[in-house]
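The values are calculated or read from the model by the stated rules, or taken from the named source; none is laboratory data. Here the structure is a predicted model, which means the values were calculated and not measured. As a convention, Cβ positions derive from the backbone with ideal geometry for all residues, glycine included, and neighbour counts pool all protein chains shown. Side chains included, ligands, DNA and RNA excluded: accessible areas come from the protein's heavy atoms. Shrake-Rupley method; radii C 1.70, N 1.55, O 1.52, S 1.80 Å.
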Amino acid sequence: MKTIEISDIDEMILNLPEEKIQEVRDYVGYLTEKEKKRKAFEERVLKAAKEPDAVEFDTVEDAMEAIRNWRD
């Protein structure tokens, strides 16, 4: 399925002017970087969830307060 979709995109790109091809390249780069960051964040969250000493808070405000007071 992916191969067919990529082939379709390749065909469409061939009909674009050079400046539009660069825009497509930039956008794909942006999406790739965004996906990389999402995966890294997801891995950190899953790792933290597995930690037996993970701290849970009832609200975001409680968590932020704990962070602000952590070094006090």
Rounded to the nearest 10 degrees, the helix 18-50 long axis (Cα) sits at an angle to the longest Cα principal axis of the chain of 30 degrees
By how many degrees, between 0 and 90 and to the nearest 10, does the Cα long axis of helix 2-14 differ from the longest principal axis of the chain? 60 degrees
Given only helices, namely DSSP H runs of n ≥ 4 each adding -39500 (n - 2.57), what is the per-residue ellipticity at 222 nm of the chain, to the nearest 500 deg cm²/dmol? -26500 deg cm²/dmol
I'd like the GluC sites (Glu not before Pro) in segment 21-57 restricted to DSSP loop residues with at most 16 other Cβ atoms within 10 Å, sorted by number. 56
Ordering 12, 64 by accessible area with a probe of 1.4 Å, largest first, what comes out? 12, 64
Using the Karplus curve 6.51 cos²θ - 1.76 cosθ + 1.60 with θ = phi - 60°, what ³J(HN,Hα) values do you get for each residue of segment 51-66, in whole Hz, with x for Gly and Pro? 5, x, 9, 5, 9, 10, 10, 7, 9, 5, 4, 4, 5, 5, 5, 5
List, largest first, the extents of the alpha carbons of the chain along their principal axes, each in whole Å. 60, 27, 18
Considering only the other residues whose Cβ falls under 15 Å of the Cβ of residue 62, what net charge follows from Lys and Arg at +1 and Asp and Glu at -1? -3
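Among residues other than residue 33 whose Cβ falls under 14 Å from its Cβ, what is the net charge (Lys/Arg +1, Asp/Glu -1)?
+4
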What does the charge add up to near residue 49, with Lys and Arg as +1, Asp and Glu as -1, over the other residues with Cβ less than 15 Å from its Cβ? -2
